[in-house]
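One structure is given below, encoded as structure tokens.
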Amino acid sequence: MKKEKNIVKEALRLQLHFVNIAYEKYNTEVITAAKRCAPTTHSKDFDEAMRSIKARLSGRKAHAVKVARSLIIEDYLPSLSDSKELNMSVREAISAITISCGRCVSKTKLTGLFNRSGESRYSPFFTDEKYKESVLSHPLFVALKNDISELNAAIPHTTNPKHEQLIKQLEQYK
């Protein structure tokens with residue numbers, strides 16, 4: 001039980017690390033845009049640059065969450081692969097993890113970990129509800145789902161830690 005809690009804490013630290021990097025890049029890009037085009041109230045060039053910069057920030061923050069979730073999922077992959085009662089193909093594993101986590105997992109990350117069953121074999125996971133239910137109620141999938149839910153609930157709303165400093169720097173370019 002303590003191991004799972006540590007992986008969630010580690011994932012949160014990783015997410016925060018990537019968010020801090022995202023804000024550093026954001027601050028640098030904003031200052032660069034301000035140097036290039038004066039940030040007045042009605043500066044079309046600066047407004048366009050800011051829209052693009054904010055979109056990149058949003059993408060970087062989303063990537064930080066994705067990396068944190070992937071860390072937890074990857075922590076479970078060896079246990080899921082070794083589980084004797086889960087004789088799953090890669091395709092089934094991807095579907096089960098996607099359902100459990102609410103997120104898709106890269107097939108390349110799973111290939112090799114679920115090597116007991118071939119890709120071409122018949123997959124009852126997609127057609128047999130009873131089989132699907134038994135897989136998703138397996139303790140490993142339940143624990144994975146709980147850890148992902150805990151991570152999602154613990155992800156804080158982030159703000160730029162150097163916002164005031166950025167505003168002061170932007171004043172120079174008006």
Problem set entry | Net lengthening on full extension, Lys174/Leu16 (0.36 nm per residue, minus Cα-Cα) | 53.7 nm
Problem set entry | Fully extended contour minus Cα-Cα distance, from Asn87 to Glu74, at 0.36 nm per residue | 2.9 nm
Problem set entry | Ala38-Glu129 pseudo-label distance in nm [points 7 Å out on the Cα-to-Cβ vector] | 6.8 nm
Seminar exercise, completed: Taking 160-169, 45-54, 14-23 and ranking on average Cβ neighbours within 10 Å, highest first, one gets 14-23, 45-54, 160-169
Exercise. How large is ³J(HN,Hα) for each residue in the stretch 25-38, as worked out from phi by the Karplus curve 6.51 cos²θ - 1.76 cosθ + 1.60 (θ = phi - 60°), to whole Hz, x for Gly and Pro?
Worked result: 5, 4, 4, 4, 5, 5, 5, 4, 5, 5, 5, 6, 9, 4
Exercise. Once phi is turned into θ = phi - 60°, what whole-Hz ³J(HN,Hα) does the Karplus curve with 6.51, -1.76 and 1.60 give for every residue of the stretch 47-56, x standing for Gly and Pro?
Worked result: 4, 5, 4, 5, 4, 5, 5, 5, 5, 5
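Here, each number is a calculation from the coordinates, and none is a lab measurement. Here the structure is a predicted model, which means the values were calculated and not measured. As a convention, Cβ positions derive from the backbone with ideal geometry for all residues, glycine included, and neighbour counts pool all protein chains shown.
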